[in-house]
1. From the phi angles alone, apply the Karplus equation (6.51, -1.76, 1.60; θ = phi - 60°) to segment 219-233 and give each ³J(HN,Hα) in whole Hz, x where the residue is Gly or Pro.
2. Measure off 7 Å from each Cα along the Cα-to-Cβ vector at A240 and F260, then give the distance between these two points in nanometres to one decimal.
3. Calculate how steeply helix 12-24 sits against the longest principal axis of the alpha-carbon atoms of the chain, using the helix alpha-carbon long axis, and give the answer as 0 to 90 degrees to the nearest 10.
4. Expressed in nm to one decimal, what extension gain is obtained for the pair D162 and W184 from 0.36 nm per residue of sequence separation less their Cα-Cα distance?
5. Gain in length, A137 to R150, computed as 0.36 nm per residue apart minus the alpha-carbon separation, to one decimal in nm?
6. Report the rotationally averaged projected area of segment 130-185 based on its alpha-carbon convex hull, in square nanometres.
7. Convert each backbone phi in segment 252-260 into a coupling constant with the Karplus relation 6.51 cos²θ - 1.76 cosθ + 1.60 (shift: θ = phi - 60°), then list the ³J(HN,Hα) values in order as whole Hz, x for Gly and Pro.
8. Please state the Cα pair-distance histogram of segment 107-223 with 10 angstrom bins from zero: what percent is in each bin?
Amino acid sequence: MSPERSGARSSVRGYRAWLGAAAALATGSAAPAASQSPRAANPERPTFATHAYAVAPGYAELEQGLAARGTGSLREATSWDVNLKVGLSRHVQLGLFGPLYARTSAGSGVGDLGAALKVRTDLSSRAAVALVPSVTAPTGSEARGLGAGRALGGLVAVVSADLPGVHVDVNAGPQGIGAGTPQWFVSLGGSRTFGRAGLAVELFEFTPGGAGSRLAGVLGAATIRLAEWAVVDAGGAVGATGGTPDQLFLGITTNLGRLF
């Protein structure tokens, strides 16, 4: 093991950057059909990127999941991440997200919580685009490695398309705005469904910046639609750099029905 990787084991800053990125960019594995029911769950997890679709107007959807992370051992950090999405209109979705519980070697508690506004439109029956500005508040303890110690912003552009046999999501944009040099996030994800089951793969990268060091890796996951309104996911990610934690995760997305 290289000295760089060994040192990354105890890097609280690295875990903070990872937790913040994961919370801000919890994302999706499959595109919705244009005519799907408003009660159909449309996950934005478990990948880092998001798709260019939204919860139906007036409906709410709750995503939640457990994750274990680490550069030397998956016991080094854990979190319970949530994302409550509300459809404000056909083209606008509000998301409230963050780790409601996170643990590192320095302590445990709530992480930095935030909000994201997805503004989207269809290009055709098989393609859509979106712009997702987001902001996180310093609700997590910086001393315990659970928060950035300041408010941070992000802005991601999204393109989603149904290609023959596979759905593709492309994301790009700055993260960690407000902590010096932004971290540029880029991801390419593909997914395919087989009846109630699905598979998703994603390549992701965050460039080094004021909010954290470079993060990059490959993520893979399986999904199962338990009912129209509930989808479970399980999988993991392998870091491609010494400072990128590996991870395992398990989660569920539940459409809660109409709110207004």
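1. After applying 6.51 cos²θ - 1.76 cosθ + 1.60, I find 10, x, 8, 10, 10, 9, 8, 6, 7, 3, 9, 9, 10, 9, 9 Hz.
2. For A240 paired with F260, the spin-label model returns 4.2 nm.
3. It is inclined by approximately 10 degrees.
4. On the way: separation 22, 0.36 × 22 = 7.92 nm, distance 2.54 nm.
Taking D162 through W184 to full extension adds about 5.4 nm, to one decimal.
5. Separation in residues times 0.36 nm, less the Cα-Cα distance, equals 4.0 nm.
6. Result: 4.9 nm².
7. Once rounded to whole Hz, the list reads 8, 10, 10, 6, 8, x, 6, 9, 8.
8. Histogramming segment 107-223 at 10 Å steps yields 13, 33, 35, 16, 3 percent.
We did not get these values from a lab; they are worked out from the coordinates using the rules stated. Bear in mind that the values here come from a model prediction, so they are computed numbers and not experimental data. Cβ sites come from the backbone with ideal geometry, for glycine too, and all protein chains shown count toward neighbours.
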